[in-house]
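First the structure, in the form of structure tokens, and then the observations on it.
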Amino acid sequence: MPFTQLGLSAELLRAVSEEGYSKPTPIQQQAIPVVLEGRDILAGAQTGTGKTASFTLPTLQRLMETPINSGRQRVVRALVLTPTRELAAQVHDSVRTYGRHLPLRSAVIFGGVSMVPQFRALRNGVDIVVATPGRLLDHLRQQTLDISQVEVFVLDEADRMLDMGFIRDIRQIMNMLPRARQNLLFSATITEEIKGLSAQLLHNPALVEVARQNQAADTVSQRVYAVEKDRKRELLSHLVGTGNWQQVLVFVRTKHGADRLANQLIRDGIESASLHGDKSQGARTRALADFKSGKVAVLVATDIAARGLDIDQLPHVVNFELPNVPEDYVHRIGRTGRAGANGEALSLVAQDEAKLLGAIEKVLKRDIPRATEPGFEPNFVLRSQPGYKAPHRGDGGHNRPAKANVRHAGNHGDPARRSARGRSSGDQRGNARAGRNS
């Protein structure tokens, strides 16, 4: 099904076409018509599935269905809440990209930066606000923002919001919204906690679920390097140096491990930076900007900190440590090989990670090609998992399109009827909580 059959306006279709897209992803195909109908929605979709466009496109169209009164001050009619500054910036970029041919104004507000430019943008009048919870509450307390006329409320990455301790902030914000509004809740996973939140937030919602991807794109070349644990860093430096790699995203399990590895690589003469939840907003922004610009060649990140990162044409992903959850492997390597571009995903695997590797290959239903680097041969062999050997030894994944399912999710109460004790919480505090889980 092409985008032209989803009911989007000519202006939005033009913007979509200018970005090079012709067919919607499964989540877009299922969610966009539901949102255009004005229904509440509970959507289960991971980063990288096209979920942002699945709510920005129909939200822009919904706002255009109500004529803008140029004779009065614009009011905020759409509010998007995100857990982090980085994700807020990315969502706002999506709003501006797809709304470039529409007479709508938007602003992004988050902590860690001066409020003055945000004051100015809000004072000039905006239709759409993308925000993090803590900074949004700061503006509401100072009465520099009014959300009493919001028509569409979006909660993005709701599961991460809960993990970061924003639940009371969210409830406080919900109580300031008008009762008559459309609610869109997006979450990578639909847990019991998310179901509980949806019961407070959503009214008679449609449930849209996109099956979790357990396969990598065919454009991603995968390899496993068996290596002694105490030589992993040395091998990584060797591969980056001899291959003249300019942009490498390296995954580790812990915050401390990210800092330690980045510092070791710097001592090896490789420009590197770490990214995790305990980093300040300014440090995280600088690290990401330096990585995108090429000033930093290696970005060492935890899974939680890297979630939501959008880096075009990323050529290399390295699993310095395998993830404890097998499905996270697919999510990690999905950072490369996007939009038809070729990418390379390497895993440095020690002997004590053999079981983790086996679990990953079981999920993939294939074995990952093994490799050794001369001078780094280990004293062990990583064997393939019986019954899950690939039909060939090619590097590409065997990707099958994700399937989306829409069904009635039941009648949930209106949040305005529920009370919640508000609390003061800045974005920095929420990020610190996230760091403990990184």
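So what's the net charge close to Glu193: Lys and Arg +1, Asp and Glu -1, counting the other residues with Cβ under 10 Å from its Cβ?
-2
What ranking do 15-21, 156-162 get when scored by the average of other Cβ atoms within 10 Å per residue, highest first?
Ranking, from highest mean packing down: 156-162, 15-21.
Please work out how much length the chain gains when fully extended from Ser148 to Glu65, using 0.36 nm per residue of separation minus the C-alpha to C-alpha distance, in nm with one decimal.
Working it through step by step, the gained length comes to 28.0 nm.
Quick one: the Cα spread of segment 220-371 along its three principal axes, in angstroms, biggest first?
Dimensions of segment 220-371 along the principal axes of its Cα atoms: 40, 35, 30 Å.
A 23 angstrom limit on the alpha carbon distance is what I want to check against. Which of Lys232/Lys365; Lys255/Lys365; Lys229/Lys255 exceed it?
From Lys232/Lys365; Lys255/Lys365; Lys229/Lys255, over 23 Å: Lys232/Lys365; Lys255/Lys365.
Taking the Cα centre of segment 168-281 as origin and charging only Cβ (+1 Lys, Arg; -1 Asp, Glu), how large is the dipole, in debye to the nearest 20?
Around 280 debye, computed over segment 168-281.
Give me the number: length gained by fully extending Ser114 to Ser22, i.e. 0.36 nm times residue separation minus the C-alpha to C-alpha distance, one decimal in nm.
Stretched fully, the Ser114-Ser22 segment lengthens by 29.2 nm.
Just to confirm a number: summing +1 for Lys and Arg and -1 for Asp and Glu over residues other than Arg233 whose beta-carbon lies under 14 angstrom from that of Arg233, what do you get?
So the environment of Arg233 carries a net charge of -2.
Can you return the lysines within cross-link range of Lys195? Criterion is Cα-Cα under 25 Å, with same-chain partners fewer than 8 residues away left out.
Within reach: Lys51, Lys403.
What order do you get for Thr59, Thr219 when you list them from fewest to most C-beta neighbours inside 10 Å?
Lowest to highest Cβ neighbour count: Thr219, Thr59.
Give, rounded to the nearest 20 debye, the magnitude of the charge dipole that segment 1-127 has about its Cα centre when Lys and Arg contribute +1 at Cβ and Asp and Glu contribute -1 at Cβ.
Roughly 400 debye for segment 1-127.
Using per-residue counts of other Cβ atoms within 10 Å, averaged over each peptide, order 366-374, 256-264 from highest down.
Per-residue mean Cβ counts within 10 Å order the peptides as 256-264, 366-374.
Nearest 0.05, what FRET efficiency do Met1 and Glu234 give at R0 = 45 Å with Cβ-Cβ as r?
Rounded to the nearest 0.05, the efficiency is 0.35.
Using alpha-carbon pairs under 8 Å, 6+ residues apart, how would you state the relative contact order of segment 220-371 in percent?
It comes to 35 percent, rounded to a whole number.
List the aspartates and glutamates whose alpha-carbon lies under 14 Å from that of Lys362, not counting same-chain residues fewer than 8 positions away?
Output for Lys362: Glu327, Asp328.
Where a number appears in this text, it was derived from the coordinates with a stated rule and is not lab data. Note that the coordinates shown come from a computational prediction; the quantities given were computed from them, not determined experimentally. Cβ atoms come from the backbone with ideal geometry, glycine included; neighbour counts cover every protein chain shown.
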